[in-house]
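Below is one structure; the comments refer to it alone.
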Amino acid sequence: MTFAPNRALIVLTSVGAFPAEAGAQAGRRTGFYMDEMATPYWALHDAGVTVEIASIAGGRPPADPVSIGEEGSRKSSVQRFLDDPAAMAALQSSIAIADVDPDAYGLIFLPGGHGTMWDFAQSANLARVVGRMFDRNAIVGAVCHGPAGLIEARTSSGTPIVQGRRVNSFTDAEEEAVGLTKTVPFLVESALRANGAIFEGTDNFASYAIRDGNLITGQNPASVQAVAELLVAAIDPPVAA
């Protein structure tokens, strides 16, 4: 069995607009949240990890335009990513999740963005990859709406990987605060709880991150730096050592 703690995979949504079933919000631009991808990307890269990018459909996944920000005021990780030709090339030609070998990576990370609500939990291939990697004791991480990709993931015995584990995600209260509880197809917190997760959270839009064994989760965009630090700390032995 191959275990490669020096090789990580970031998986992004391929949904770039709210679909018809979103009702009045249909057509609203969305995608993955840029900072939630870029901050862990550079934290792992700078720790000596080779980071690859996949998406549900493959090719160039859409970034939520709000998350990119304006030049001159962008988060440093986002600007660094946009300025790096190799990183941008990897993003523009992401691997389709159906083509991912889960035994080739020691870490998988799922950034959020509302696009994930329509393709992460719905992807049997993502559930397969996450479940297999969890079984191998690889590091499994997610932030904000990214934990939608944990909901259908199962161990080899058929148990939800979140069952009995301390986790968090974008909370039901936060979804209510942004006015989308009637728009999204499910609520991530509620779905995690339904699968037996021990859900922990904090105040709306405040930073909160949890590590429970090989599972690392963060609540919202404000949590991404804390999540990135937990991902790097979980690499054992450290790649750069």
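The values are calculated or read from the model by the stated rules, or taken from the named source; none is laboratory data. Computed from a predicted structure; not experimentally measured. Please note: Cβ atoms are built from the backbone with ideal geometry, for glycine as well, and neighbour counts cover all protein chains shown. For accessibility, only protein heavy atoms count, side chains too; no ligands or nucleic acids. Shrake-Rupley method; radii C 1.70, N 1.55, O 1.52, S 1.80 Å.
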If you build a Gaussian network model of the chain, linking Cα atoms that sit under 10 Å apart, which residue out of ALA24, ALA63, ALA222 swings the most? ALA24
Checked region 125-241 against the a/c 1.5 cut and the a/b vs b/c comparison, axes a ≥ b ≥ c from its Cα gyration tensor; verdict oblate
Please compute the modelled spin-label separation between THR155 and ASP203, points set 7 Å along Cα→Cβ, answer in nm with one decimal. 3.7
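So, with a 1.4 angstrom probe, what is the percent of accessible area on region 1-63 that is carbon and sulfur? Write out the running numbers ahead of the final one.
Numbers: 1200 of 2460 Å².
The C+S portion of the solvent-accessible surface of region 1-63 is 49 percent.
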Residue by residue through region 156-172, what is 3J(HN,Hα) from phi via Karplus (6.51 cos²θ - 1.76 cosθ + 1.60, θ = phi - 60°)? Round to whole Hz and write x for glycine and proline. 5, 8, x, 7, x, 5, 8, 4, x, 9, 6, 9, 8, 5, 4, 7, 4
Cβ-Cβ FRET estimate between SER190 and ALA20, R0 fixed at 25 Å, reported to 0.05: 0.60
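As an exercise, identify the chymotrypsin sites (Phe, Trp or Tyr not before Pro) in region 93-191 lying in DSSP coil whose Cβ has no more than 14 other Cβ atoms within 10 Å.
Those that pass, being in a loop and sparsely packed, are PHE186.
With loop defined by DSSP as not H, G, I, E or B, and exposure as at most 12 other Cβ atoms within 10 Å, which is the longest segment of the chain clear of exposed GluC sites (Glu not before Pro)?
That gives 72-241 as the longest site-free run.
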Normalise the Cα radius of gyration of region 1-88 by 2.2 N^0.38 Å (N = residues in it) and let me know the number. 1.23
Within 12 Å, Cβ to Cβ, of GLU175, how many net charges do the neighbouring residues add up to if Lys/Arg are +1 and Asp/Glu are -1? -3
Under-5 Å amide H pairs with ALA17, H placed in peptide plane, nonlocal only: THR30
Tell me, what HN-Hα J-couplings in whole Hz come from the Karplus equation 6.51 cos²θ - 1.76 cosθ + 1.60 at θ = phi - 60° for each residue of region 192-204, using x for Gly and Pro? 5, 4, 5, 8, x, 5, 8, 7, 10, x, 9, 4, 3
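Would you work out if the chain is rounded, prolate or oblate? Take a ≥ b ≥ c from the square roots of the eigenvalues of the alpha-carbon gyration tensor; rounded if a/c is under 1.5, else prolate when a/b is larger than b/c, oblate otherwise.
Details: a/c = 1.35, a/b = 1.09, b/c = 1.25.
Rounded, because the longest to shortest axis ratio a/c is under 1.5.
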Probe of 1.4 angstrom, ligands and nucleic acids ignored: what's the accessible area per residue over the chain, in square angstrom? 40
Given a 1.4 Å probe and every protein chain left where it sits, what share in percent of the accessible area of region 86-160 is carbon and sulfur? 48
Grab the DSSP H runs of the chain that are 4 residues or longer, score each as -39,500 (n - 2.57), total them, divide by all residues and round the 222 nm result to the nearest 500 deg cm²/dmol. -8000 deg cm²/dmol
THR50 versus ASP103, label points 7 Å from Cα toward the beta carbon: distance in nm? 1.7
Compare ILE216, ILE151, ILE68 in a GNM of the chain, Cα atoms joined below 10 Å, and give the one with the largest fluctuation. ILE68
Please label the shape of region 52-163 as rounded, prolate or oblate, based on the square roots a ≥ b ≥ c of the eigenvalues of the alpha-carbon gyration tensor (a/c under 1.5 means rounded; beyond that, a/b larger than b/c means prolate, else oblate). prolate
Hey, can you grab everything whose amide H is under 5 Å from the amide H of HIS145? Only 5+ residues off in sequence or another chain; H modelled, so Pro and N-termini drop out. GLY112, GLY113, PHE170
Square roots of five times the C-alpha gyration tensor eigenvalues of region 37-112, ordered largest first and given in whole Å, equal 22, 15, 10
What net charge is computed for the residues neighbouring ARG80, neighbours being all others with C-beta under 14 Å from the C-beta of ARG80, Lys and Arg scored +1, Asp and Glu -1? -3
Any chance you could run the full-extension gain for ARG29 through ASP83? It's 0.36 nm times the residue separation minus the Cα-Cα distance, nm to one decimal. 17.1 nm
Inter-site label distance for ALA233 and ASN125 at 7 Å from Cα along Cβ, in nm: 3.5
Share of carbon and sulfur in the accessible heavy-atom surface of region 163-241 [1.4 Å probe, %]: 50
Step through the residues of region 180-187 one at a time and calculate ³J(HN,Hα) from phi using the Karplus curve (6.51 cos²θ - 1.76 cosθ + 1.60, θ = phi - 60°), rounding each to whole Hz and writing x for Gly and Pro. 10, 5, 8, 9, 6, x, 6, 9
